[in-house]
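Notes follow once the structure below has been shown.
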Amino acid sequence: ALRRKGVVQRSSGRARWLVLSESAARLISEIPILGAIPAGQPLGESEQREGCVRVDLDTLGIPKNARTFALRVRGDSMTGAHILDGDIVILELKPPSHGRVVAALIDGESTLKTFLVRSGKPYLRAENPNYPDLIPAQELVIQGVMVALLRQA
């Protein structure tokens, strides 16, 4: 698949030897990691930028003009959605839809949860039965919709 995309080329005269093509650098985008987000109880304080992750937006199905950022996950409230402590989530600035994982500011505190709407009212659900639903008392601002998950082995 990488050869078909033109990212790697076989090196002549060497078995199992691949070389990155010159066009590979153009396919890779850097997405800033803007800190960590709690996947547990919401916290009001955010962390500073941690650097960048390099990804192929095409492979992830993310449009080239998408406004994206990444956050490191802290906590275990999203384990049912296979999002673990230490994972990096890539989020896009776009309106949420029912059932999507979002980074949200709920009553001034940020968290990573599933966005749901019941009887016309939005709320956030943890994907771990040990955590309650979060119903905004005053404000719910969606900061980004998860479009990809990165995990270091």
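The values are calculated or read from the model by the stated rules, or taken from the named source; none is laboratory data. The shown structure was predicted, so the numbers you read here are calculated from the model rather than taken from an experiment. Heads up, the Cβs are rebuilt from the backbone with ideal geometry, glycines too, and the neighbour counts pull from every protein chain shown. Protein only, heavy atoms only, side chains kept; ligands, DNA and RNA dropped before computing areas. Shrake-Rupley method; radii C 1.70, N 1.55, O 1.52, S 1.80 Å.
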| query | Which members of the stretch 116-153 meet the condition of being open to solvent by 40 Å² or more (accessible area, probe 1.4 Å), assigned to a loop (DSSP other than H, G, I, E, B) and farther than 30 Å from Asp56 by Cα? | reply | Ser119, Gly120, Pro129, Asn130, Tyr131, Pro132, Asp133, Ile135, Ala137, Gln138, Glu139
| request: With a cut-off of at least 1 residues that are open to solvent by 60 Å² or more (accessible area, probe 1.4 Å) and touching a residue at least 12 places away in the same chain (Cβ under 8 Å), name the strands (runs of 3 or more DSSP E) lying wholly within the stretch 53-115. | output: 68-74
